[in-house]
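Reading through the structure tokens given below for one structure.
The values are calculated or read from the model by the stated rules, or taken from the named source; none is laboratory data. Model, not experiment: these values are computed from the prediction. Surface accessibility is based on the protein's heavy atoms, side chains included, excluding ligands, DNA and RNA. Shrake-Rupley method; radii C 1.70, N 1.55, O 1.52, S 1.80 Å.
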Amino acid sequence: MSRKRRPVLAAAAALALAGTLSGCGLIGGPEQESAELSEWFTVTSPVFRDGGVLPTRYGCTTYPGGQGKTPPLIWSGAPANTRSFAIVVDDPDVEGSYVHWVIAGIDGTTHEIVEGARLDNAVEGLTTGDKVGYAPPCPPRGERHLYRFTIYALDSEAPFDESAPLDESLGAIAEHTVGRGRITGNFGAERAR
């Protein structure tokens, strides 16, 4: 293969991969043209800072002190045309990313969820583990993983039905996204340096 073709093929492969991942709404910018960088909004938590460590109680019960609860999240600055919110929690440290929670239909006037939230009128899609509901962080012993809590502002009510397959729910969220915000937290053993 010629030297001139290698960079072109590498660039094409990188674009194809980025398109595949951003199509599921887990990386990159919001999906709709109207949702440009200015449509990102702020997500915080009173129990961990962005990029910090998730307290043990938010992990799975196989960890000492793990209670499997959703952490409290607060968001602000969503676009004015937001009709509802969706939340996707994923672990990008697992090959292909592992989705721990997909929930939509959160009222557009809501700006926070409390610890262990049970949200009325919301619908939950299947996780990567083919279960409905929140699957708390639970990396293998000796590993530390990053968890992304992404909140999507949507231009519609819940865009999928209860127990929707993962590809369907993520595709529907991506199609209706007008803005989003994210906070990340680490859970598990310290990474070796």
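Numbers for the structure displayed
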quantity	calculated
Asp93 accessible area, 1.4 Å probe, all protein chains in place, Å² to nearest 10	70
Exposure rank, largest accessible area first [His111, His176; 1.4 Å]	His111, His176
Val123, Val94, reordered so the largest accessible area comes first (probe 1.4 Å)	Val94, Val123
Carbon and sulfur %, accessible surface of segment 71-193 computed with the full protein complex present, 1.4 Å	47
Heavy-atom surface of segment 103-166, accessible at 1.4 Å and reported per residue (Å²)	47
Computed over segment 38-193: relative contact order in percent, which uses C-alpha pairs under 8 Å that are six or more apart	30
Amide H within-cut-off set for Arg144, under 5 Å, with H built and near neighbours excluded	Ala189
Accessible area, probe 1.4 Å, largest first, for residues Arg118, Arg57, Arg83, Arg144	Arg118, Arg83, Arg57, Arg144
